[in-house]
1. Return the pairs, sorted by first residue and then second, in which the second residue is modelled with pLDDT of 95 or more and surrounded by 13 or more Cβ atoms within 10 Å (Cβ to Cβ), the first residue lies in the stretch 5-18 and is among the acidic types (Asp, Glu), the beta carbons are less than 9 Å apart, and the residues are 6+ apart or on different chains.
2. Report whether or not Ile41 is of a type outside the set (Gly, Ala, Ser) and in contact with a Leu (Cβ under 9 Å, 6 or more places away or on another chain).
Amino acid sequence: MDNDLLANLDKLHTTEMGIDRMKRNLKIDEADVVKYCYGMILNPKAFIQQKGKNWYVYIENVKITVNAHSYTIITAHKSQ
């Protein structure tokens, strides 16, 4: 594991509001949004970087923001 995010993926979670926000932003209807993001983060093509208090994961046309302390998925957006 080359960073704390990958080493702590078992702590990854989100809030009810986060689930709604990600489904809306990504235009997905996944039952388990955390599992969806987990898979994206583990993708070998994902670029992961920490800036300040957050991790940013860039994969294909998606950017996932994760709090670096709590491992809460804050949001995810499609790039335009």
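1. Asp10/Tyr71
2. yes
The values are calculated or read from the model by the stated rules, or taken from the named source; none is laboratory data. This one's a predicted model, so the numbers in the text were calculated from it and none came from an experiment. So basically every Cβ, Gly included, is an ideal-geometry build from the backbone, and we count neighbours across all protein chains shown.
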